[in-house]
Amino acid sequence: MVRRTAVAAALLTAFAMAAAGCGDSGDSNAETGDSPTSGAKADKKFTIAFSTYAGVIPFYRATNDGFKDAADKLGWDYRYTDSNFDPAKQVSDITDLLTQGADLIAVSPGDEEALVGGYREAKNSDVSIWSYINDISADQQDLRQTWFHVDWSDVADKRGRFMLEKMGGSGKVIAIRGPSAVLIVRQYQDGFERAMKTAPGAKLAFAQNAQAFTPEEGLRLTQDALTAHPDVKAIWVDNDDMALGVVQAVQEAHLGKNDVVIVSGDGTNAAVKLVEEGWLDYTVIAPGYEWASDVVKAAQKFLVNGEDPPATVDFKLIDVTPDNAAELLATCPTHPKEVYCRT
């Protein structure tokens with residue numbers, strides 16, 4: 001069986017969770033924590049919310065389901081907003097959530113600078129705001145209470161080194177990146193560049209930011225790149241939605257599975273299937289359903305028991321290669337709402 005990891009030991013220690021309590025939360029009946037509570041707060045029906053900038057991305061759809069199911073098990077109200085890549089709307093969404101009486105808001109900012117105003121409004125309203133995966137600018141991070149995150153720079157470094165080894169350490173590389181205003185995109189670029197420095201024979205021939213994380217953008221940019229560099233050896237893609245378009249462009253250029261190394265990330269069902277088929281060489285799963293369930297466990301301990309979360313909490317990911325893709329897909333009947341199982 002593939003071992004599914006949840007949050008890192010920091011969260012487990014801080015909240016005294018047993019390891020079994022954080023496993024298998026891809027199941028729609030995952031537990032939301034069973035620590036004893038008492039008094040009025042234990043009986044209160046809290047309202048928690050999640051604000052994202054890109055509900056179209058399967059990872060965020062899995063996250064939304066994870067939040068909702070975990071909140072439902074507690075008998076809490078849950079609110080969800082999606083700004084569809086519009087930072088101004090995401091700030092407005094946070095204002096609306098505060099007006100609706102949210103007791104805690106988790107936010108995945110689409111623009112680290114533009115969202116500062118929404119965070120400040122929440123802080124001024126004495127409502128705790130938690131960053132989820134993305135964050136606001138470094139000089140304003142005192143506005144949020146905690147950040148549930150992954151060191152995406154290190155993840156990108158690892159992904160880049162895998163790509164370079166697979167391509168033999170030399171040749172042209174294409175980089176298809178996400179929108180530049182998103183923090184994770186710049187973290188990916190940092191890790192990618194670190195990896196590239198380890199292989200002097202590999203040359204970055206094309207690098208461009210997409211307007212959105214969509215297959216259409218991946219297709220458009222890769223078509224442009226392959227027109228200029230048909231002899232490319234590897235393609236780096238920031239996320240799996242764009243990777244679908246990248247693979248389409250490669251196929252339309254009559255390149256075979258073994259002609260170009262392609263690495264991506266997020267771990268969508270379609271991408272894991274492409275890894276199984278050999279069109280993608282590597283992706284990494286960000287199990288949003290599981291992560292959201294763990295955030296709600298932390299929210300329960302904070303809102304009911306008054307236990308503050310750590311300043312940062314590290315999440316774990318799942319590497320996907322042709323060696324384990326089929327095995328992962330075989331677990332989908334028991335994890336139907338997780339990102340790599342959503343069709």
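The values are calculated or read from the model by the stated rules, or taken from the named source; none is laboratory data. Not measured: the values here are computed from a predicted model. Every residue, glycine as well, gets a Cβ built from its backbone with ideal geometry; the counts of neighbours run over all protein chains shown. Keep in mind that these areas ignore ligands, DNA and RNA; they rest on the heavy atoms of the full protein, side chains included. Shrake-Rupley method; radii C 1.70, N 1.55, O 1.52, S 1.80 Å.
The angle separating the long axis of helix 152-166 from the principal Cα axis of greatest extent in the chain is about 30 degrees.
For the chain, what is the charge dipole size about the Cα centre, in debye to the nearest 20, if Lys and Arg each add +1 at the Cβ and Asp and Glu each add -1 at the Cβ?
Numbers: 32 positive and 50 negative charges, 70 e Å.
Dipole about the Cα centre, nearest 20: 340 debye.
The charge dipole of region 34-183, taken about the Cα centre with unit charges on the Cβ atoms of Lys, Arg (+1) and Asp, Glu (-1), comes to about 460 debye, rounded to the nearest 20.
Take every DSSP beta bridge whose two residues both sit in the chain; close to 10 percent of them are antiparallel. Dipole magnitude for region 71-138: computed about the Cα centre from +1 point charges on Lys and Arg Cβ and -1 point charges on Asp and Glu Cβ, it is near 140 debye.
Enter the angle in degrees (range 0 to 90, nearest 10) between the Cα long axis of helix 240-252 and the first principal axis of the Cα atoms of the chain, meaning the one along which they spread out most. That helix lies at roughly 20 degrees to the long axis. Candidate cross-link partners of Lys89 among the lysines, defined by an alpha-carbon separation under 20 Å and a same-chain spacing of 8 or more, comprise Lys123. Could you give the length gained by full extension between Thr321 and Glu113, i.e. 0.36 nm per residue of separation minus their alpha carbon distance, to one decimal place? Going from the current span to full extension adds 71.3 nm.
Axis of helix 87-99 versus longest Cα principal axis of the chain: the two differ by about 20°, to the nearest ten degrees.
Could you state the accessible area per residue of the chain in Å², with a 1.4 Å probe and every protein chain left in place? Intermediate results must be reported in sequence, preceding the final value.
Numbers: 13530 Å² over 343 residues.
About 39 Å² of surface per residue is accessible.
Give the carbon-plus-sulfur fraction of the accessible surface of the chain in %, rounded to a whole number; probe 1.4 Å, heavy atoms of protein chains only.
Values: 6500 of 13530 Å².
The nonpolar share, carbon plus sulfur, comes to 48 percent.
In order along region 335-342, phi translates into HN-Hα couplings of 9, x, 9, 6, 4, 7, 10, 7 Hz, rounded to whole numbers, per the Karplus curve 6.51 cos²θ - 1.76 cosθ + 1.60 with θ = phi - 60° and x for Gly and Pro.
Provide Asp103, Asp238 ordered by accessible surface of protein heavy atoms (probe 1.4 Å), highest first.
In descending accessible area the options line up as Asp103, Asp238.
At a Cα cut-off below 23 Å, give the lysines reachable from Lys273, other chains included and same-chain residues fewer than 8 away excluded. Result set, ordered by chain and number: Lys158, Lys166, Lys233, Lys257, Lys316, Lys337. Projecting the Cα atoms of Val247, Ala326, Gly201 onto the dipole axis of the chain, where Lys and Arg carry +1 and Asp and Glu carry -1 at the beta carbon, places Gly201 farthest toward the positive end. Using heavy atoms of the protein chains and a probe of 1.4 Å, the accessible area assigned to Phe59 is about 10 Å².
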